[in-house]
Each structure stands twice: as structure tokens, then as C-alpha cells.
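To start, the structure under review is shown below, and the notes come after it.
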Amino acid sequence: KAKKKTRSAITTKRKTTMLWYKTLPLVLAISSIHLFRLSTAFQNNDNVSYNVPSFSLSNLLENNGKRPKETLSTTGILAITRNDDDDSYNKVSTEALRSLCHCHYSSSYSSFMSQNTMSDGAERTTIGTATAGGWNHPLPLSDSLSDICQDDRAKQNMEDLRDAVVHVSKAFVRAIDTLITSSSSSSSDDAVKNVLMEDIYGTSFTSMNSIIASSTSLEHFHLYSKPSSQQDTTTTTTIATHTDAGLFLSFVPAQSCSSSSQKDDDDAAFYVEIDGVLQQATFPKNSVIIMLGSGMQHWIHLNKEIDLSFKATKHAVKMNGLSASRAWYGMMHLVPPDAREIDLSFKATKHAVKMNGLSASRAWYGMSKLYIFF
């Protein structure tokens with residue numbers, strides 16, 4: 001009789017090995033059928049842009065959080081800004097992404113660096129890391145970045161940007177926990193007992209903060225380059241329309257690597273689907289963007305007494321003349337790999353996973369890594 005694996009054994013293994021690769025064949029099948037709404041054609045309204053709702057860090061829950069609740073339940077994307085006279089986000093973002101613009105891929109650093117050709121011919125160079133157990137850990141960047149990016153301050157600049165994004169992410173998670181408690185029609189004692197998620201060991205998570213503490217964060221610095229000869233302004237996407245698999249993504253708007261760009265406060269290549277139409281997203285200056293993934297929509301359980309819901313954001317990337325070379329940073333917070341709470345609409349996925357001897361959460365966990373990295 002096989003011995004029951006303990007939590008400590010599983011946790012140790014998770015921190016030292018890439019468990020997700022075993023789910024790869026199943027993940028590919030599931031993601032193509034059930035989990036992503038992918039589109040190879042780019043259908044958008046060029047005359048319409050979408051101003052991403054903006055919230056100040058100091059008044060995120062103003063008016064009992066009415067506006068953020070509406071945003072989280074309809075589009076799932078919002079911008080969090082500093083005060084008007086504080087441009088610290090913009091400064092650290094500009095310095096870090098400017099350093100990234102000069103990074104060059106080398107196979108000698110394949111342990112943390114990759115390069116892929118996207119569907120529209122653009123090349124994407126990625127510097128990626130994964131941090132288990134929440135975000136209270138240093139960013140594991142290589143000291144070789146100064147050589148790769150031809151900038152002695154590249155590593156420090158990237159760490160400073162990461163710290164700024166973590167600061168906003170923590171504030172967002174605290175706000176979510178406050179909204180969950182304040183949106184309950186039950187007594188305060190009952191609201192506290194709401195179980196948002198459980199794992200296979202019977203541990204109950206009653207706050208977003210506790211879920212994040214048990215999750216893995218994927219962090220990526222992407223550099224996209226697309227020669228002018230390959231720029232197709234009509235139909236081809238760099239990244240097709242989809243929803244991310246994680247809980248949520250924290251990122252800064254991409255910055256053009258072209259010195260002539262006049263849109264360094266906007267990501268001209270980023271589109272969101274609003275009412276069935278892809279619209280170019282317009283981000284406010286000095287902001288960190290929060291975008292919900294399918295993990296938030298389908299894995300977080302909210303009691304019916306709680307007047308709150310989450311909507312994963314459908315989005316796409318299409319590079320054009322204004323974004324022929326762009327640098328971007330984002331932090332994806334994954335569903336914990338041992339979670340077992342799942343939306344009923346995912347019965348087919350659960351059945352497929354069960355038939356293949358895999359836990360649903362590990363398949364989802366693997367698939368989310370697959371999509372972000374490749």
C-alpha cells in the first residue's frame with residue numbers, strides 16, 4: 001500500500017522541481033478546448049479606445065468600493081496610481097524598461113532567459129523567474145544582467161520596478177479582502193468564515209492574502225521586436241485573444257524602445273475585449289495595472305451572501321508601427337498547485353484530469369505556466 005505523501009514532502013518537491021512538465025500533454029489538450037478563447041484573426045474597432053478605470057492607491061475603496069466592485073465584475077482590469085504629484089511608478093518603470101530595451105538573448109543564459117517567435121513574426125526575449133510562497137522573497141535575478149543588457153544598473157532597476165509592483169499588489173489584495181468582508185449581507189462573524197479556497201490537505205483559505213502566501217508568482221520581463229517588413233496592421237496578432245489562467249496579473253504598461261515614440265505612457269499594442277469588441281487600452285500615467293485571470297473567476301468561492309464577483313479580462317497584443325519594439329514587465333499570481341476548489345463549469349476539465357490521474361489544480365497550475373512562458 002502506497003504511503004500517504006505528507007505536506008512537507010510535497011512542498012519540498014514543489015520548490016525544487018518543475019512538477020508542471022508532467023501535465024504538458026493533457027494541458028495542451030485542455031487549454032485548446034476548454035480554458036482559453038483564442039483567436040487567430042484580429043477583429044477590433046480602430047476608432048474606439050478603452051480608458052482603463054483608474055483608482056488612487058490612497059482611496060482604492062472610496063465610497064465603500066462601489067466603483068472597483070463594478071470594474072472587477074465587468075471588465076476585470078483597473079489601474080492603480082500614486083497621488084498626482086508622485087511620479088515614482090513612472091520613474092522606476094522607465095528606468096527598468098529602458099534597461100530591458102538593451103538586453104540581448106544568449107543561449108548561455110537559458111536557465112532564466114528564453115526567446116520565441118510569435119505568430120506575427122515578432123521575436124520575444126524573456127527574462128523569467130518563479131517565486132514560491134508569496135512575494136516576500138527577493139527577486140532571483142542573475143548578476144549576469146549587466147552584461148546581457150549592457151547596463152550596470154539593469155539588475156537594480158528591475159528590482160526597483162518589482163518592489164513598486166509588489167507594493168501595489170499587496171494593496172490590491174488587502175482591498176479585495178476588505179471588499180469580501182464588507183460585501184457580505186451576513187453578520188461579521190459569518191463573513192469571516194467564508195472559505196475562498198481549499199487544498200487537498202483540508203486547509204481552508206479565508207482570505208486572498210492567505211491564498212497568495214501559498215501560491216507561486218511568475219515574473220517576466222518581455223522584450224518584443226518586430227521588423228517593419230513584418231508589420232501587418234490588419235489581422236495578425238502577436239498574442240491572440242485570451243484570458244490568463246492565474247489569479248491576477250500585476251504589470252506596468254509597456255514602453256517603446258524607440259526614442260521617437262510619443263506614447264511612452266500608453267501601451268499601443270495592448271487590447272482588451274469590451275462588449276465583444278477588442279479596443280486599444282489607454283492607461284493613465286504613473287500606474288500599475290491589475291488584470292484578473294480565470295483563476296480569480298473560477299477558483300475563488302464566494303458565498304451567495306457576498307455581493308461581489310470577478311471577471312477574467314479577455315485581451316490581446318498586436319504590435320504595429322507605434323510598438324515595433326516594446327519592453328514590458330508583469331507578475332502573475334497563480335492558483336496554488338494543491339488547490340481543489342473549482343467552478344462547476346469546469347466539470348469537463350475535472351473529468352479529463354481525473355481520467356489521466358492528475359489533480360485539477362496541478363493541471364491548471366501547469367497550464368498557466370505553459371501559457372505565460374511560451
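For the stretch 54-68, give me the residue count where each residue is touching a strand residue (DSSP E or B) at 6+ places or on another chain (Cβ under 9 Å), free of Cβ contacts under 8 Å to residues at least 40 places away in the same chain and not aromatic (Phe, Trp, Tyr).
Of the residues in the stretch 54-68, 3 are touching a strand residue (DSSP E or B) at 6+ places or on another chain (Cβ under 9 Å), free of Cβ contacts under 8 Å to residues at least 40 places away in the same chain and not aromatic (Phe, Trp, Tyr).
Can you find, within the stretch 48-73, the residue that is nearest to Ser88 (Cα to Cα) among those that are of a type in the set (Val, Ile, Thr) and in contact with a Leu (Cβ under 8 Å, 6 or more places away or on another chain)?
Here is the first cut: in the stretch 48-73, the ones of a type in the set (Val, Ile, Thr) are 48, 52, 71.
Right, trim to in contact with a Leu (Cβ under 8 Å, 6 or more places away or on another chain) and you get 52, 71.
Numbers: Val52: 20, Thr71: 25 Å.
Once the filter is applied, the top-ranked residue is Val52.
Considering only the stretch 131-165, how many residues are in a loop (DSSP other than H, G, I, E, B) and not basic (Lys, Arg)? Talk me through it step by step, then tell me what you get.
To start, the set of residues in the stretch 131-165 that are in a loop (DSSP other than H, G, I, E, B) comprises 133-144, 149-153.
Cutting the leftovers down to not basic (Lys, Arg) gives us 133-144, 149-152.
Selection size over the stretch 131-165: 16.
Of the residues Gly121, Gly134, which single one is within 20 Å of the chain's Cα centre (by Cα), surrounded by 13 or more Cβ atoms within 10 Å (Cβ to Cβ) and on the phi > 0 side of the Ramachandran plot? Lay out the reasoning, then the answer.
Details: Gly121 fails: within 20 Å of the chain's Cα centre (by Cα).
Of Gly121, Gly134, the one residue that is within 20 Å of the chain's Cα centre (by Cα), surrounded by 13 or more Cβ atoms within 10 Å (Cβ to Cβ) and on the phi > 0 side of the Ramachandran plot is Gly134.
Name, by its number, the condition in (1) more than 15 Å from the chain's Cα centre (by Cα); (2) not in a loop (DSSP other than H, G, I, E, B) that does not hold for Gly128.
Result: Gly128 passes all but (1).
Name every residue in the stretch 69-87 that is surrounded by 17 or more Cβ atoms within 10 Å (Cβ to Cβ) and touching a residue at least 60 places away in the same chain (Cβ under 8 Å), in order of residue number. Quick ask: steps written out before the conclusion?
Looking only at the stretch 69-87, we keep the residues that are surrounded by 17 or more Cβ atoms within 10 Å (Cβ to Cβ), and these are 69, 71-72, 75-82.
Within the stretch 69-87, Lys69, Leu72, Thr75, Gly76, Ile77, Leu78, Ala79, Ile80, Thr81, Arg82 qualify.
Any idea which of Ser144, Ser184 is farther than 27 Å from Ala269 by Cβ, of a type in the set (Ser, Thr, Tyr) and surrounded by 18 or more Cβ atoms within 10 Å (Cβ to Cβ)?
Working: Ser144 fails: surrounded by 18 or more Cβ atoms within 10 Å (Cβ to Cβ).
Ser184 is the lone residue from the list that is farther than 27 Å from Ala269 by Cβ, of a type in the set (Ser, Thr, Tyr) and surrounded by 18 or more Cβ atoms within 10 Å (Cβ to Cβ).
Residue check: is Val317 of a type outside the set (Gly, Ala, Ser), more than 25 Å from Ser88 (Cα to Cα) and buried (at least 23 other Cβ atoms within 10 Å of the Cβ)? Can you show your working first?
Numbers: of a type outside the set (Gly, Ala, Ser): yes; more than 25 Å from Ser88 (Cα to Cα): yes; buried (at least 23 other Cβ atoms within 10 Å of the Cβ): yes.
Here the answer is yes, as Val317 does meet what is asked.
Would you confirm whether any residue within the stretch 211-221 is surrounded by fewer than 18 Cβ atoms within 10 Å (Cβ to Cβ) and either assigned to a strand (DSSP E or B) or modelled with pLDDT of 95 or more (or both)?
Here is the first cut: in the stretch 211-221, the residues surrounded by fewer than 18 Cβ atoms within 10 Å (Cβ to Cβ) are 213.
Now drop any that are not either assigned to a strand (DSSP E or B) or modelled with pLDDT of 95 or more (or both), which leaves none.
Within the stretch 211-221 (the criterion being surrounded by fewer than 18 Cβ atoms within 10 Å (Cβ to Cβ) and either assigned to a strand (DSSP E or B) or modelled with pLDDT of 95 or more (or both)), the answer is no, since none of the residues qualifies.
If you take the residues in the stretch 276-292 that are surrounded by 17 or more Cβ atoms within 10 Å (Cβ to Cβ) and in contact with a helix residue (DSSP H, G or I) (Cβ under 7 Å, 6 or more places away or on another chain), which one is modelled with the lowest pLDDT? Walk me through it before giving the result.
Filtering the stretch 276-292 for residues surrounded by 17 or more Cβ atoms within 10 Å (Cβ to Cβ) gives 278-284, 286-292.
Restricting the remaining residues to those that are in contact with a helix residue (DSSP H, G or I) (Cβ under 7 Å, 6 or more places away or on another chain) gives 286-288, 290, 292.
Values: Asn286: 90, Ser287: 93, Val288: 96, Ile290: 98, Leu292: 98.
Result: Asn286.
If you take the residues of the stretch 133-160 that are touching a residue at least 40 places away in the same chain (Cβ under 8 Å) and in contact with a strand residue (DSSP E or B) (Cβ under 7 Å, 6 or more places away or on another chain), which of them is nearest to His333 (Cα to Cα)?
Of the stretch 133-160, the ones touching a residue at least 40 places away in the same chain (Cβ under 8 Å) are 133-135, 139, 145, 148-151, 153-154, 157-158, 160.
Going one step further and asking which of them are in contact with a strand residue (DSSP E or B) (Cβ under 7 Å, 6 or more places away or on another chain), we end up with 135, 139, 158.
Values: Trp135: 9, Leu139: 14, Met158: 18 Å.
Checking each candidate, the answer is Trp135.
It is to be established whether one or more residues within the stretch 88-95 are farther than 20 Å from Ile290 by Cα and touching a residue at least 60 places away in the same chain (Cβ under 8 Å).
First, the residues of the stretch 88-95 that are farther than 20 Å from Ile290 by Cα: 95.
Right, trim to touching a residue at least 60 places away in the same chain (Cβ under 8 Å) and you get 95.
The answer is yes, given that some residue of the stretch 88-95 is farther than 20 Å from Ile290 by Cα and touching a residue at least 60 places away in the same chain (Cβ under 8 Å).
List the number of the failed condition for Glu273; all other conditions in (1) of a type in the set (Asp, Glu); (2) at pLDDT 85 or above; (3) in contact with a helix residue (DSSP H, G or I) (Cβ under 7 Å, 6 or more places away or on another chain) hold.
(3)
The values are calculated or read from the model by the stated rules, or taken from the named source; none is laboratory data. Remember, predicted model here, so these are calculated numbers, not experimental data. Heads up, the Cβs are rebuilt from the backbone with ideal geometry, glycines too, and the neighbour counts pull from every protein chain shown.
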